[in-house]
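Structure, as structure tokens:
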Amino acid sequence: MSIILIDNTVTFVKEKLEGAEAGHDWFHIERVWKLSLKIAENENVDSEVLQLGALLHDIADAKFHNGDETVALKISRDFLESQNVSEEMIEQVLFIIQNISFKNRGEVPENLSLELQIVQDADRLDAIGAIGIARTFNFGGFKNNLMYHPEILPKLGMTKEEYKKSEGTTINHFYEKLLLLKDLMNTETAKKIAAERHVFMLKFLEEFDREWQVQV
Ligand code: ADP
Ligand code: NI
């Protein structure tokens, strides 16, 4: 395990994400990285692949690059090559970056590596609970979306293209994505954490609705 490689990756990612939207900034990466290591405590994984995948998974999120999903792969490959990482390991890391996303869930290969499953769980856990709520409103604000509109209903079962273009409300995003995540966790550890965070979101939604109706 090369500590220097991980250190260099941290420095590279921090620099690249300078000025990123707060929900997809270095601190999101740091949480996903730490959470991945925590989940991996009970699993037999290649820690280097896991950590590189976690650190690089949002290096160039397509939604901030006109939908281009190849930018992240190119930036990551160039970086890993500059660090003399073996081709075999580069492919394992790029596999994580390419397949982690919620919006691509219809297209992923069947045999997901354990490293991908864990980083995906960690990324999805950071999308729910208190932090998930905060990130979602931050992103909605960044896009200048409405928080809520009583007449705009959530759209379930959107295709990938519809999902990417969707200009719904932030509250709808809970029904379109966040509340679905607990059933998509791969590992037992993540399922347990997700169950608690899910309950917290339900409470939040109930309270939001109560205050919106001005029931005091
Ligand atoms: P992924 O990167 O896993 O495909 P998304 O792109 O859907 O997932 O979003 C990552 C996070 O960004 C979400 O968990 C949420 O916090 C925020 N986000 C994405 N789309 C929206 C939206 N339409 N409204 C509010 N928040 C959003
Ligand atoms: Ni992420």
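The values are calculated or read from the model by the stated rules, or taken from the named source; none is laboratory data. Values in this document were obtained by computation on a predicted structure and should not be read as measured data. With ideal geometry, Cβ positions are generated from the backbone for all residues, glycine too; neighbour counts draw on all protein chains shown. Note: areas computed on protein heavy atoms with side chains; ligands, DNA, RNA excluded. Shrake-Rupley method; radii C 1.70, N 1.55, O 1.52, S 1.80 Å.
Probe of 1.4 angstrom, ligands and nucleic acids ignored: what's the accessible area per residue over the range 55-192, in square angstrom? Each step should come with its number before you reach the end.
On the way: 7190 Å² over 138 residues.
Accessible surface, normalised per residue, equals 52 Å².
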* In square angstrom, rounded to the nearest 10, how much accessible surface does I3 have for a 1.4 Å probe? -> 110
* Gain upon complete extension [L112, K164; 0.36 nm per residue less C-alpha separation] -> 16.4 nm
* By accessible area of protein heavy atoms, probe 1.4 Å, what ranking do F102, F64, F204 get, highest first? -> F64, F204, F102
* Express the Stokes-Einstein translational diffusion coefficient of the range 100-216 in µm² s⁻¹, to the nearest whole number, given a Kirkwood radius over alpha-carbon pairs, 37 °C and a viscosity of 0.692 mPa s. => 216
* Net charge, N172 excluded, C-beta distance under 12 Å - Lys, Arg +1, Asp, Glu -1 -> -1
* Structure fact -> Each label sits 7 Å from Cα toward the beta-carbon; between E207 and A62 the label points are separated, in nm, by 3.6
* For the range 60-68, Karplus couplings with θ = phi - 60° (6.51, -1.76, 1.60), whole Hz, Gly/Pro x -> 8, 4, 4, 6, 9, 10, 6, x, 6
* Structure fact -> At 20 °C in a medium of viscosity 1.002 mPa s, the range 18-87 has a Stokes-Einstein diffusion coefficient, with Rh taken as the Kirkwood radius over alpha carbon pairs, in µm² per second, of 162
* To do: Taking the chain as the reference, fit the longest principal axis to its C-alpha atoms, fit the long axis of helix 87-99 to the helix C-alpha atoms, and give the angle between the two in degrees, 0 to 90, nearest 10.
  => 10
* For the range 29-167, size of Cβ-based charge dipole, Lys and Arg +1, Asp and Glu -1, in debye -> 740
* To do: Counting residues in the chain as N, plug N into 2.2 N^0.38 Å and put the Cα Rg over that result.
  => 1.04
* Structure fact -> Contour minus Cα-Cα span, F27 to I6, at 0.36 nm per residue, comes to 6.0 nm
